[in-house]
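The values are calculated or read from the model by the stated rules, or taken from the named source; none is laboratory data. Note that the structure is a prediction, hence the values are computed from the model and not measured. Cβ sites come from the backbone with ideal geometry, for glycine too, and all protein chains shown count toward neighbours.
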Amino acid sequence: MPASAERSWGLLQDVERVAACMPGAVITERIDDRHYKGTVTVRLGPANVSFRGELMLAEIDPASHTLHLTGKGTDTAGGSAASLDLTARVEAVDATSSNLAGKSEASLSGRVATFGGRMAEAVAEQVLQQFAANFAAALQADERSSIGTPATADTSVGGERPAPARPATPLNGLALLWGALRSWLRSTFGWRRA
């Protein structure tokens with residue numbers, strides 16, 4: 001990440017801004033400091049699948065720059081369910097850069113699992129790559145705002161912070177599947193772009 005461990009950790013603790021970095025995710029309600037409600041929208045061709053659910057900040061450890069999130073939700077049609085268990089950690093590299101490391105377990109059930117279960121791991125890798133790029137962009141936006149670009153007021157925290165890097169857009173499932181297929185072809189057949 002293009003920021004110190006302290007700056008990256010500061011952003012990682014802001015669940016609403018982190019959710020804005022996740023393709024298709026939106027926090028719709030903050031219940032308290034540890035509980036949130038939100039949606040994740042996935043575009044599969046002409047159709048959108050929306051999951052509505054809850055996210056909980058299960059544990060936060062400032063000493064090790066680690067947080068643990070759990071989430072669960074169902075699609076709005078009621079035919080599928082998903083759950084997530086995520087642990088993320090910021091590690092210092094040097095004074096101006098850091099690594100964002102983590103591990104997650106996700107489970108799907110219902111129609112979405114039947115349709116996309118086989119490609120879930122490859123699609124998750126593509127989502128994490130998009131998330132990392134958006135997280136890095138949010139850190140760069142923070143840096144620009146700290147050197148003179150106006151920030152938006154955040155009265156709930158009592159300070160100023162920049163707006164999220166970009167508005168949430170539906171996660172494009174077909175584009176993710178294509179990216180996953182390309183990655184699989186490259187790893188299996190040594191396929192390279194000419």
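Side notes on the structure shown:
- Members of region 124-156 that are within 16 Å of D14 (Cα to Cα), polar (S, T, N, Q) and modelled with pLDDT under 75: T152, T155, S156
- When residues in region 51-96 are screened for being modelled with pLDDT of 90 or more, polar (S, T, N, Q) and either loosely packed, with under 14 Cβ neighbours inside 10 Å or not in a strand (DSSP E or B) (or both), 2 of them pass.
- The set of residues in region 102-114 being surrounded by 12 or more Cβ atoms within 10 Å (Cβ to Cβ) and part of a strand (DSSP E or B) consists of G102, S104, A106, S107, L108, S109, G110.
- Unmet criterion (only one of (1) among the hydrophobic types (A, V, I, L, M, F, W, C); (2) surrounded by 19 or more Cβ atoms within 10 Å (Cβ to Cβ); (3) in contact with a Ser or Thr (Cβ under 9 Å, 6 or more places away or on another chain)) for L11: (3)
- Scanning region 50-74 for residues that are more than 13 Å from E91 (Cα to Cα) and among the small types (G, A, S) yields S50, G53, A58, G71, G73.
- Of all residues in region 97-123, those being over 20 Å from T74 (Cα atoms) and modelled with pLDDT under 85 number 1.
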